[in-house]
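The values are calculated or read from the model by the stated rules, or taken from the named source; none is laboratory data. Values in this document were obtained by computation on a predicted structure and should not be read as measured data. Cβ atoms come from the backbone with ideal geometry, glycine included; neighbour counts cover every protein chain shown. SASA here: full protein model, heavy atoms, side chains in, ligands and nucleic acids out. Shrake-Rupley method; radii C 1.70, N 1.55, O 1.52, S 1.80 Å.
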Amino acid sequence: MSVNTRVLVNDFEYIQASSLGEVLELLDRHGADAKVLAGGTDLVIQMKLGRKTPKLVVDISKLQELKELEDGATVRIGAGCRYVDALELLKRNGRCHSLVEAIESIGKIQVLAVGSIGGNLCNGSPKSDTAPPLITYGAKVRVMSAHAERIIPLREFHAGFNKTVMATNEVMTSIEFDAPDERMASAFRKIARVACDISKLTCAVALARDGDVCSWCRIALGAAGPVPQQPEAAAALLAGQTIDDALLDQVADEVSRAIDPPKAGRCSAEYRREAAGVLFKDAFATAWERARC
C-alpha cells in the first residue's frame with residue numbers, strides 16, 4: 001500500500017510556544033505524547049509517513065532565546081538557530097571549516113532557511129551531517145527540563161539508531177564548543193547518491209599541526225554505524241607523529257576496521273568500509289594543508 005506523503009493523516013494538537021518556560025511545562029505534562037517542532041524538515045515528513053504520531057506538536061520556531069549566537073572563547077549556537085544564520089557566524093569565525101562544509105553539503109536553500117543544527121542532532125540519526133564535525137570539536141549540548149539542566153558531551157549524546165540520551169521532557173537549548181585556535185584545522189567529506197541527498201557516508205577530521213608533526217587528531221564518521229563512529233585508536237596513531245603516506249595508509253585501514261556499518265540501506269557494509277578509509281585520507285589531507293596556513 002502506497003503512502004501519500006503530502007497529507008498529515010493523524011489528528012494532533014498544535015501549540016506555538018511563546019516562551020521556553022511554556023515549552024518545558026508542556027513537555028513535562030505530555031511526555032512522549034509531545035514532539036517539538038523547530039524547522040520541521042524531518043518531523044513533518046515522519047508524521048506524513050505515519051512513523052511519528054504525536055498527540056501534541058510544540059512549535060519552538062519563534063523563540064528568540066533558542067536562536068542566540070556567540071563567537072568568543074566559546075562558540076555557542078542556539079539549538080533553534082537556522083542553518084543560514086549559523087553559517088554566517090561560522091564563516092565569520094573562519095576556523096570552523098568542517099562544520100561549514102557539513103551544513104553546505106545539505107545544499108537545499110529550502111532546508112537551510114528553516115532547518116537547525118539542534119534539530120539535526122535531536123533526530124538522533126547516525127546520518128546527521130553536523131554531528132561528526134561537532135564531535136571532532138569536542139562539542140557539548142545543553143538540554144533542559146522543567147526540573148534541571150544538563151550539559152552532555154556530544155560524543156555521548158547518541159544512544160542508538162535514531163535515539164538520543166534526552167528524556168521526553170527535555171529540550172536542547174544550545175550547542176557549545178571551544179573556539180578553534182590558529183593551530184587547528186578541520187575538513188568534512190561526504191558521499192551521497194546525488195548532491196544535497198542524505199549521506200551514504202561522511203567523515204570529519206580535526207587536527208593540530210606543528211610543522212610536519214600532527215600534535216593531535218580527532219576523527220568521526222556518519223552513516224557508518226548505529227551512532228556516529230569515533231575511531232579513537234586510529235586517531236591515536238597520528239598523535240605526535242611525523243606525517244607520511246605509509247602512516248596515513250595505516251590509519252585509513254584502522255578507520256575502515258573500526259566502523260560498524262549497517263548491512264542494508266543506501267549502500268553495502270563492504271562499500272562503506274572501503275570508502276571510510278578513502279574519505280578519511282581525503283579529509284585529513286585537506287585539514288592538514290589548511291593547518292599550514
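Side notes on the structure shown:
- Whichever residue in the stretch 71-91 is assigned to a strand (DSSP E or B) and touching a Lys or Arg at 6+ places or on another chain (Cβ under 8 Å) and, among such residues, is farthest from residue 111 (Cα to Cα): 71
- A count restricted to the stretch 136-173 and to residues that are among the small types (Gly, Ala, Ser) and under 13 Å from the mean Cα position of the chain (by Cα) stands at 2.
- Residue that is farthest from residue 190 (Cα to Cα) [pool: residues in the stretch 105-146 that are surrounded by fewer than 20 Cβ atoms within 10 Å (Cβ to Cβ) and among the hydroxyl-bearing types (Ser, Thr, Tyr)]: 145
- Against the list (1) more than 15 Å from residue 169 (Cβ to Cβ); (2) open to solvent by 30 Å² or more (accessible area, probe 1.4 Å), the condition residue 21 fails is (1).
- Count of the stretch 62-78 residues, restricted to those that are in contact with a strand residue (DSSP E or B) (Cβ under 7 Å, 6 or more places away or on another chain) and either open to solvent by less than 10 Å² (accessible area, probe 1.4 Å) or among the hydroxyl-bearing types (Ser, Thr, Tyr) (or both), is 5.
- A count restricted to the stretch 40-97 and to residues that are hydroxyl-bearing (Ser, Thr, Tyr) and closer than 16 Å to residue 113 by Cα stands at 3.
- Check on residue 259, open to solvent by 10 Å² or more (accessible area, probe 1.4 Å) and either within 18 Å of the chain's Cα centre (by Cα) or of a type in the set (A, V, I, L, M, F, W, C) (or both): no
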